[in-house]
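One structure is given here, and the rest of the page talks about it.
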Amino acid sequence: AELLLVSLTAALPMQLALHAGCCGVSLMLRTAPSESRYAHYADANPLWILVPPLSFVAYQLASIGTLARVEPVLHAVLNAIKRIIVIGLGALWMLEPVSFGFGCGATVAIGGAAAFAISSRVLVSHAAHARLALALALVLALLLTAY
């Protein structure tokens, strides 16, 4: 509860101040409209300046709420999968080619998350954990040699 209070009372004003400061500096260093990459945003509503800091604080609050409900290791696994999904969707959205290395890394990360979920619920013996670790090491070695 204290962390949520700190996020709402300190993080939001700090994010708003940081974002407003960055926008102020960019306005002072403004180049000619024809040279600016952001010239097409000139007619945008000024309230859009609130979207990035509010989104960041909402993301932090969601992360804190998730951490309060799950174990820290599971939270880290979920965060790793979230990063893969965000990077992959961003690459697809921008029509960038997804490299073989990214595909291998995403496969290993998602496979590791799945193995973690399976091992924490299904596998109870040390021998089963050892077999799963060996299988994951073999898959990783095969992917690395193929790359």
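Number of residues in the stretch 24-52 that are of a type outside the set (Val, Ile, Thr), modelled with pLDDT of 70 or more and surrounded by 10 or more Cβ atoms within 10 Å (Cβ to Cβ) equals 3. Does the stretch 56-72 include one or more residues that are modelled with pLDDT of 75 or more, open to solvent by 100 Å² or more (accessible area, probe 1.4 Å) and closer than 30 Å to residue 110 by Cα? Within the stretch 56-72, one or more residues are modelled with pLDDT of 75 or more, open to solvent by 100 Å² or more (accessible area, probe 1.4 Å) and closer than 30 Å to residue 110 by Cα. Which residue is farthest from the chain's Cα centre (by Cα), if the candidates are limited to the stretch 73-99 and must be open to solvent by less than 50 Å² (accessible area, probe 1.4 Å) and hydrophobic (A, V, I, L, M, F, W, C)? Selected residue: 91.
The values are calculated or read from the model by the stated rules, or taken from the named source; none is laboratory data. This is a predicted model, so every value here is computed, not measured. Cβ sites come from the backbone with ideal geometry, for glycine too, and all protein chains shown count toward neighbours. When the accessible area is computed, the model is the full protein with side chains, heavy atoms only, and any ligands, DNA or RNA have been set aside. Shrake-Rupley method; radii C 1.70, N 1.55, O 1.52, S 1.80 Å.
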